[in-house]
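The values are calculated or read from the model by the stated rules, or taken from the named source; none is laboratory data. Keep in mind that what you see is a predicted model, and the values were worked out from it rather than measured. Cβ: placed from backbone, ideal geometry, glycine included. Neighbour counts: every protein chain shown. All accessible areas refer to the heavy atoms of the entire protein, side chains included, with ligands and DNA or RNA removed. Shrake-Rupley method; radii C 1.70, N 1.55, O 1.52, S 1.80 Å.
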Amino acid sequence: MVSITETQKIGVGLTGFGLFFLLFGVLLYFDSVLLAFGNVLFLTGLTFIIGLRRTAGFFFQRQKLRGSTLFLGGVALVLFRWPIIGMAVESYGFVLLFRSFFPVACGFILSLVNIPYLNVPRSISKYGKRCLGSQSNGKTTTIHDPVSKTT
């Protein structure tokens, strides 16, 4: 069993509140104060969860430098009260930072057998393969699907 320290518990709370304020800021027509507060809480919570050194290591990897620059630049734009442009830049940076995680998350969601609506795209092979495949160095790699059965 994985033990979670008190600092990590605080980080989970800060990250949750950060996501809440980000969502609430978007729902209230890009309120710059809520978006800025959400960004600060999210980044602080992430730092509390994985530590300062690992957070800096994640954001400043050579292959993720463009995504980090766009993400942190978007945060800075939101802090300087340019919320719409800042959130657009931040969202694009987020996609660049976490694009290697999306196929894993999509494969997990599609493997949930208790949710029939999510299993529908599996029958449409074009969309299922697009979701499960990831682009890395021009090659498409797919994740093994343990649930599908051949007859």
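The residue of the stretch 99-114 that is least open to solvent (accessible area, probe 1.4 Å), among those that are in a loop (DSSP other than H, G, I, E, B) and in contact (Cβ under 8 Å) with a residue 12 or more places away in the chain, is 111.
Within the stretch 133-150, none of the residues are under 27 Å from residue 23 (Cβ atoms) and either loosely packed, with under 12 Cβ neighbours inside 10 Å or at pLDDT 90 or above (or both). The set of residues in the stretch 63-95 being open to solvent by less than 60 Å² (accessible area, probe 1.4 Å), over 18 Å from the mean Cα position of the chain (by Cα) and not aliphatic (A, V, I, L, M) consists of 83 alone. Quick check on the stretch 41-62. Is at least one of its residues open to solvent by 60 Å² or more (accessible area, probe 1.4 Å), in contact (Cβ under 8 Å) with a residue 24 or more places away in the chain and over 16 Å from residue 97 (Cβ atoms)? Within the stretch 41-62, one or more residues are open to solvent by 60 Å² or more (accessible area, probe 1.4 Å), in contact (Cβ under 8 Å) with a residue 24 or more places away in the chain and over 16 Å from residue 97 (Cβ atoms).
Do we find a residue being closer than 24 Å to residue 26 by Cα and modelled with pLDDT of 85 or more anywhere in the stretch 60-68?
So the first thing to find is which residues in the stretch 60-68 are closer than 24 Å to residue 26 by Cα, and the list is 67-68.
Subset that is modelled with pLDDT of 85 or more: 67-68.
Yes, the conditions are met somewhere in the stretch 60-68.
One residue is enough: does the stretch 2-10 have a residue meeting the conditions surrounded by 14 or more Cβ atoms within 10 Å (Cβ to Cβ), of a type in the set (A, V, I, L, M) and either within 18 Å of the chain's Cα centre (by Cα) or modelled with pLDDT of 95 or more (or both)? Reasoning before the result, please.
Here is the first cut: in the stretch 2-10, the residues surrounded by 14 or more Cβ atoms within 10 Å (Cβ to Cβ) are 8, 10.
Checking the rest, the ones that are also of a type in the set (A, V, I, L, M) come to 10.
Filter once more, so that each one left must be either within 18 Å of the chain's Cα centre (by Cα) or modelled with pLDDT of 95 or more (or both): 10.
Scanning the stretch 2-10 turns up at least one residue that is surrounded by 14 or more Cβ atoms within 10 Å (Cβ to Cβ), of a type in the set (A, V, I, L, M) and either within 18 Å of the chain's Cα centre (by Cα) or modelled with pLDDT of 95 or more (or both).
Somewhere in the stretch 12-29, is a residue at positive phi and open to solvent by 70 Å² or more (accessible area, probe 1.4 Å)? Within the stretch 12-29 (the criterion being at positive phi and open to solvent by 70 Å² or more (accessible area, probe 1.4 Å)), the answer is yes, since at least one residue qualifies.
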